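The values are calculated or read from the model by the stated rules, or taken from the named source; none is laboratory data. None of the values given here were measured: they were computed from a predicted structure. Cβ sites come from the backbone with ideal geometry, for glycine too, and all protein chains shown count toward neighbours.
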Amino acid sequence: MNSNGRKIALALCALTSAACVSRTSPTPPTFQAGGLLALSTPVPNPYLLQDALEGVYDTTSRFGSPVVVHASQWGDLAGDRVTTAGQAPITRVNASVSILAADHYAFAILQAGCLPPSASPVVSPATTQTQLVLEGYWRYLDTNNPDPTTTGLVRLFVQPQSVADYVCGAPAWDATQPIPAHAPLNIPVTLAGATGNGENLPGDPLTVTWVQPRKSRLPPCAQPPNPTCSAVPSFLVGVHHGGCQTTDNCGISENTPETSILATQLGGEYLEVDTRLTKDNVPVFFHLSLNPGVVQGVYCTGQVEDYTYEQLTADCRLRNGEVIPRVVDMIGYILARTKVPLYLDSKTSSVILPVANILAALDGERPPNLTDPTNDGYVRCNPPPNPLPAGFTPATWPPAGKRCLFPGSNTVSVRGVIGLPDSDSVNTYQSEQQSGQINSTYQRCLVEENSSDVTSLGCVAWMPRYTRGPMQSEVNSLQSTGHFVGFWTINDPATIDAFLTTNGPNQGPNGMLTNYLGLLNQRYEVVGTPPQYPPTLAGSP
């Protein structure tokens with residue numbers, strides 16, 4: 001096998017099979033024999049869970065009050081090529097429901113199923129109606145060593161019956177059909193059931209009761225929450241390295257493809273991941289140095305830049321057994337399986353142009369890729385571009401040979417943003433711009449330091465470090481000219497509250513990066529107000 005063949009094989013191993021390598025940290029608890037979900041059918045339309053269940057709730061135990069109930073969609077078996085023009089491959093879309101809390105930085109990730117009456121003998125009380133059941137696990141993140149006191153199983157039933165009927169009785173949907181318009185059901189919901197400790201079956205009663213809509217889903221005109229106002233995101237929760245830090249032992253390592261799914265389930269709305277360049281100039285995702293806290297391997301020490309990619313895959317595994325992923329493989333995975341935007345933080349200036357070239361190649365709608373039969377970049381299949389590019393009709397879109405973005409996604413050029421964390425990276429990006437090797441229309445940028453660089457380079461966002469303070473004047477000035485503004489990285493509840501409230505109502509940032517997604521989601525619902533310029537109008541990365 002030649003060198004490129006070995007790289008592809010190792011990358012596929014990393015993306016598709018945890019069995020290729022060993023795991024050294026705990027995995028979340030699971031129900032024996034698949035629990036009640038094994039007796040259930042998947043919900044026929046994954047988008048209806050958002051309409052039926054999302055909101056702010058009170059709980060009777062385990063999570064404190066209030067909590068956020070978040071519904072998410074993510075893909076499976078995605079990324080196949082379009083084999084015939086106008087015939088998009090069917091993408092499976094899964095749905096999750098999560099409980100996001102501030103107490104103990106807690107969360108629960110649940111899958112939904114429609115439990116038929118024939119299964120009623122295994123539940124109590126028995127029923128002659130189809131039930132909507134949620135099963136999964138809970139976790140406290142204020143300790144990084146999960147044990148039966150800090151993680152366990154959850155089983156909840158959705159009430160009233162009319163909500164279960166709305167979700168389970170809906171017509172079947174697949175990714176070739178239009179995405180349903182968001183239409184909140186506005187029926188107060190109760191999630192009733194129990195939690196458990198470790199692998200023990202749930203036995204501690206839990207009731208989760210709807211209180212109000214999520215304000216982060218409502219535009220400023222809807223404050224206080226008004227169910228008749230159309231739901232749009234007004235504040236975005238940023239994901240630092242992934243849905244969970246490697247050292248917090250969530251079963252998935254940071255800066256990996258799978259962490260984009262976890263981030264989506266935990267309410268993350270843009271994902272910051274770190275790019276580096278190996279000794280043989282292969283862009284990979286990795287944060288800092290190769291140390292035992294995040295990697296395993298006797299010979300895996302030093303820096304990513306000290307190794308060729310083949311040496312990295314031979315000598316190193318991440319904490320949970322994954323191979324350090326190539327940028328091209330991981331971005332493709334995320335594009336096809338989620339719609340989360342990517343902030344690609346350049347850890348060295350030398351990685352900027354290679355990453356920009358990858359974004360250019362993956363954008364199937366960018367000229368001349370669109371009409372290049374050898375390019376297998378990603379295009380919008382559902383919904384398709386409106387209007388369609390010149391020369392295409394509904395019968396010939398998507399083009400043969402391309403790959404479909406996850407339903408509802410924006411283009412690659414909008415979703416992928418190159419991070420410029422210092423003056424060296426700013427100068428490198430500017431030099432590549434001037435030489436014509438980077439086009440800021442398609443290879444967009446985000447600046448961390450000087451706000452003036454955002455406008456001079458034509459970047460779309462500013463993301464300063466929070467220790468510089470709220471900087472209200474600069475924040476509002478950039479927002480007013482259509483730029484996204486967020487801060488990094490805030491994990492302390494008091495500091496999060498300060499940034500959400502110091503500038504006054506409607507004067508805060510468009511988003512924040514955090515390691516604790518449930519915490520930030522909950523704190524925004526409690527103390528936040530929508531920014532004056534919503535991120536959907538401010539060049540959201």
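Key figures
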quantity: Unique match (being modelled with pLDDT of 95 or more and crowded, with 24+ Cβ neighbours inside 10 Å) among Ile324, Ile358; calculated: Ile324
quantity: Some residue of the stretch 311-323 being outside the structural domain of Met463 (by TED's automatic domain parsing), among the aliphatic types (A, V, I, L, M) and free of Cβ contacts under 8 Å to residues at least 24 places away in the same chain; calculated: yes
quantity: Of all residues making up the stretch 36-89, the number that are surrounded by 15 or more Cβ atoms within 10 Å (Cβ to Cβ), of a type in the set (Gly, Ala, Ser) and part of a loop (DSSP other than H, G, I, E, B); calculated: 6
quantity: Within the stretch 331-368, tally of residues that are part of a helix (DSSP H, G or I) and more than 18 Å from the chain's Cα centre (by Cα); calculated: 14
quantity: Residues of the stretch 460-500 that turn out to be within 23 Å of the chain's Cα centre (by Cα), under 23 Å from Val417 (Cα atoms) and assigned to a helix (DSSP H, G or I), as a count; calculated: 1
quantity: Selection count where residues are among the hydroxyl-bearing types (Ser, Thr, Tyr) and touching a residue at least 12 places away in the same chain (Cβ under 8 Å), scope the stretch 446-455; calculated: 2
quantity: Residue within the stretch 446-459 that is more than 30 Å from Asn369 (Cβ to Cβ), part of a helix (DSSP H, G or I) and touching a Ser or Thr at 6+ places or on another chain (Cβ under 7 Å) present; calculated: no
quantity: The stretch 125-139: number of residues that are part of a strand (DSSP E or B) and more than 27 Å from the chain's Cα centre (by Cα); calculated: 1
quantity: Any chance Leu420 is under 26 Å from the mean Cα position of the chain (by Cα), closer than 29 Å to Tyr47 by Cβ and of a type in the set (A, V, I, L, M); calculated: no
quantity: Residue in the stretch 140-153 that is within 28 Å of the chain's Cα centre (by Cα), of a type in the set (Val, Ile, Thr) and surrounded by fewer than 13 Cβ atoms within 10 Å (Cβ to Cβ) present; calculated: yes
quantity: Selection status of Gly64, modelled with pLDDT of 95 or more and over 21 Å from the mean Cα position of the chain (by Cα); calculated: yes
quantity: Residue that is under 25 Å from Phe107 (Cα atoms), outside the structural domain of Ile418 (by TED's automatic domain parsing) and touching a helix residue (DSSP H, G or I) at 6+ places or on another chain (Cβ under 7 Å), where the choices are Gly242, Gly293, Gly267; calculated: Gly293
